[in-house]
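In what follows, a structure is listed as structure tokens, so that the remarks can point back to it.
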Amino acid sequence: MPGPSRPRLAVWKFASCDGCQLTMLDCEDELLPIADRVEIANFHEASSAVGDGPYDISLVEGSITVPEDAARIREIRAQSRFLVTIGACATSGGIQALRNFADVEEFRRVVYARPEYLRTLATSTPIAAHVPVDAELRGCPIHKAQLLELLGAILSGRRPNLPADSVCIECKRRGNVCVLVARGTPCLGPVTHAGCGAICPAFHRGCYGCFGPSEAPVPDALLPKLEALGMRPEELERFFQTFNAAAPAFRAASESVRNRRGPP
């Protein structure tokens, strides 16, 4: 008699660089036990084979930037029991969300010879702005240990054990000297979600906020310290406008600096 059917896993790409999907492939040896537990029904980064829904788990990379994708994510949500967004693009709009601060029509005119052939949205938005999301993995890219933990939790029916601290806590656990206090290096660690292992501070560099705002960030408390280090207003504004520029806390911080310094 045939054994019980395995949960069906699908991996989907929207506007992104594929880095988070590559993180899954980089799991290498860890992929073997995952493949034994699930049926990979759709994963274009790994195979051209496509299986129809429904799916038990959908991992979604990328942001919504064109009208067609806004419709496609609703179709995927309707076919998915669990929908998990992976990476900064899917959870906050990604680096491409810098368009949210500018005039996209001007970009179209300047960059494209025939802009009338281009269909795009004025903003880059996270998946959660369009459909309900069951879980999020932060990062640019995500950390493979968190991906494996989340998949294992879903497959075993338990809550995932994912960090909710800031990068500062990871620095303490790793024994890093605080680059902000001891070296005077600008760092977003106090307001950034843990998950990377504090890799940049471990190499004496400030955190760039790859994992987005922490659970309860207070950027306004960090701004005076960064200003005391000599960061100019335009530098402060750009400091918050990187991988997670459109995340509410980071966007509010950059707009606060812009409003204080006035028009360029």
task = Being part of a strand (DSSP E or B) and charged (D, E, K, R) is the filter; apply it to the stretch 60-94 and report the residue that is surrounded by the fewest Cβ atoms within 10 Å (Cβ to Cβ).
result = 81
Matching option when the condition is hydrophobic (A, V, I, L, M, F, W, C), surrounded by fewer than 20 Cβ atoms within 10 Å (Cβ to Cβ) and either within 23 Å of residue 17 (Cβ to Cβ) or not assigned by TED's automatic domain parsing to the domain that holds residue 143 (or both), among 46, 97 = 46
request  = Can you work out which of the residues in the stretch 4-27 that are in a loop (DSSP other than H, G, I, E, B) and of a type in the set (Ser, Thr, Tyr) is surrounded by the most Cβ atoms within 10 Å (Cβ to Cβ)?
outcome  = 16
note = Among helices (runs of 4 or more DSSP H) entirely within the stretch 176-229, at least 3 residues that are out of contact with any Cys (no Cβ under 6 Å at 6 or more places or on another chain) and not assigned by TED's automatic domain parsing to the domain that holds residue 138 occur in 219-228
query = Residue check, residue 194 against (1) touching a residue at least 12 places away in the same chain (Cβ under 8 Å); (2) farther than 23 Å from residue 146 by Cα; (3) surrounded by 12 or more Cβ atoms within 10 Å (Cβ to Cβ), all met but one. Which one?
reply = (2)
ask   = Here are 250, 243: which of them is in a helix (DSSP H, G or I), in contact (Cβ under 8 Å) with a residue 40 or more places away in the chain and not assigned by TED's automatic domain parsing to the domain that holds residue 84?
value = 250
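Being without any contact (Cβ under 8 Å) to a residue 12 or more places away in the chain, more than 16 Å from the chain's Cα centre (by Cα) and surrounded by 13 or more Cβ atoms within 10 Å (Cβ to Cβ) is the filter here; which residues of the stretch 110-162 pass it?
Selection gives 115, 152, 153.
The values are calculated or read from the model by the stated rules, or taken from the named source; none is laboratory data. The shown structure was predicted, so the numbers you read here are calculated from the model rather than taken from an experiment. So basically every Cβ, Gly included, is an ideal-geometry build from the backbone, and we count neighbours across all protein chains shown.
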